[in-house]
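Student: A single structure is presented below for examination.
The values are calculated or read from the model by the stated rules, or taken from the named source; none is laboratory data. Predicted model only: the values in this text are computed from it and were never measured. Because the Cβ atoms are built from the backbone with ideal geometry, glycine has one as well, and the counts that use them run over all protein chains shown.
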Amino acid sequence: MSAPPDPQERFVVELANVRGELIHLDQTYREVLSRRAYPEPVARLLGEAMAAAGLLSSILKFRGSLILQVQGDGPITMLVANASHDQAMRAVARHEDEPVGEGGLPELCRNGYLAITIDPEGDRDRYQGIVSLDRPGLAEAVDNYFSQSEQLPTRVWLACDGKRAAGLLLQRLPGEDPHGDADAWNRAEQLASTITGDELLDLDSREIIRRLFHEETIRLFDPVPVRFHCSCSRARLAAAIQAMGREEAESILRDEGLIHAECDFCGQDYTFDAVDVEQAFSAGGSELPGDTQH
Ligand SMILES: [Zn+2]
C-alpha cells in the first residue's frame, strides 16, 4: 500500500528561454507532520518551505543539499527545510508556546530572516545568502532573495493547505534570448502569476503547464520522485555532544548514566554511554564513535 512518490516536474518554455519546476508534496509532507505536531499556521509555512527547498534544489549543480532556514523572535523561532541533489527532503520547525495567529510572515517570525545555504558534499565551500523577512509571504521572501543576489531572474509561487504543499518556479535561462524576444521573461512571469494556490495544489503538473502556457512551446522532462529521508547519523549526534562541551556532557552522565540525543528532524533517538562520550572527546572530532553500541 505504498503511495506513489511525490513528483517534481521540469519543463522549458522554449521561445521564452525560461525553465520551470513544479513540485507536489503529499507523502513527503505527511512524513514530516507525522513526526511532530504543529499548529496549523506553522504546519502551512513548513509545507511552503519544503516546496521552496525542493524547487530551489534544482539549482544544485553538484552533489550536496540546499538548506532553507527561517529564523525569528517568535512565535516561529526556527524553521528548516533541506532538499538534496537527489530530492531527499526533511524539515522541522520550532515555535514558542504562545498562540500562533494567522498573520503574514512578519507576524509569524518577528524580526526574522531567511537564509538559503548551498552545502556541497566534499571539499567545496558552502555558500549562504540572507534576506530579511519583511515580505507578506515566503514566496515573496524567496523572490526578494533572488532579486538581491546576482543570480538569474527567478520567481516562485507556493501553496500549502496543511495537508499538501505545492510550488512553481520559473527561472530565466542564461545567455541572450535566442529569439530576440525581449519581453518573453515578463510574459512568462505574468502568465505564471495567474495561478491560484488552490490550482497549484489541486491540478497535476501537466495540467498547470497546459493552462498557463498553452500558447507557448513547452519541452517536458520526466518527473523526478521526491521522498522523505533524514541524513542523521550517530556520528553527527556525537558531534552535537562534543559541541556541548566535556563538562556538561559528564554532568549529564553523572546524573542520568546515559545521554539521549534525539534527531530534531526524524525523532530517532541515539544513546551514548560513558565510553561513547569519552571516545567522542578523546577523538577530538576526527574519529567519532561509529554505529556500534556498547
Ligand atoms: Zn534524523
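Student: Would you be able to say whether some residue in segment 165-179 is of a type in the set (S, T, N, Q), more than 23 Å from residue 109 (Cβ to Cβ) and in contact (Cβ under 8 Å) with a residue 24 or more places away in the chain?
Tutor: Looking through segment 165-179, at least one residue is of a type in the set (S, T, N, Q), more than 23 Å from residue 109 (Cβ to Cβ) and in contact (Cβ under 8 Å) with a residue 24 or more places away in the chain.
Student: Then there is this: Report yes if some residue within segment 140-161 is aliphatic (A, V, I, L, M) and in contact with a Cys (Cβ under 8 Å, 6 or more places away or on another chain); otherwise report no.
Tutor: Of segment 140-161, the ones aliphatic (A, V, I, L, M) are 141-142, 152, 156, 158-159.
Filter once more, so that each one left must be in contact with a Cys (Cβ under 8 Å, 6 or more places away or on another chain): none.
No, the conditions are met nowhere in segment 140-161.
Student: Another one. Checking residue 64 against (1) more than 16 Å from the ligand (Cβ to nearest atom); (2) over 16 Å from residue 231 (Cα atoms): exactly one of these is not met. Which one?
Tutor: (2)
Student: Moving to a separate point now. Go through 53, 49, 37, 88 for me and flag whichever is outside the structural domain of residue 269 (by TED's automatic domain parsing) and in contact with a helix residue (DSSP H, G or I) (Cβ under 8 Å, 6 or more places away or on another chain).
Tutor: The match here is 49.
Student: Continuing with this model, one more query. Scan segment 224-252 and report the pairs whose first residue is under 30 Å from residue 7 (Cβ atoms) and whose second residue is away from the ligand (no atom under 12 Å from the Cβ) and at pLDDT below 90, with Cβ atoms within less than 7 Å and a gap of 6+ or a chain change.
Tutor: Hits for this filter: 225/5; 226/5; 227/5.
Student: Counting only residues that are part of a helix (DSSP H, G or I) and not polar (S, T, N, Q), how many does segment 130-165 have? Steps first, please.
Tutor: Looking only at segment 130-165, we keep the residues that are part of a helix (DSSP H, G or I), and these are 138-148.
With not polar (S, T, N, Q) added as a condition, the list becomes 138-143, 145-146.
Counting residues in segment 130-165 that are part of a helix (DSSP H, G or I) and not polar (S, T, N, Q) gives 8.
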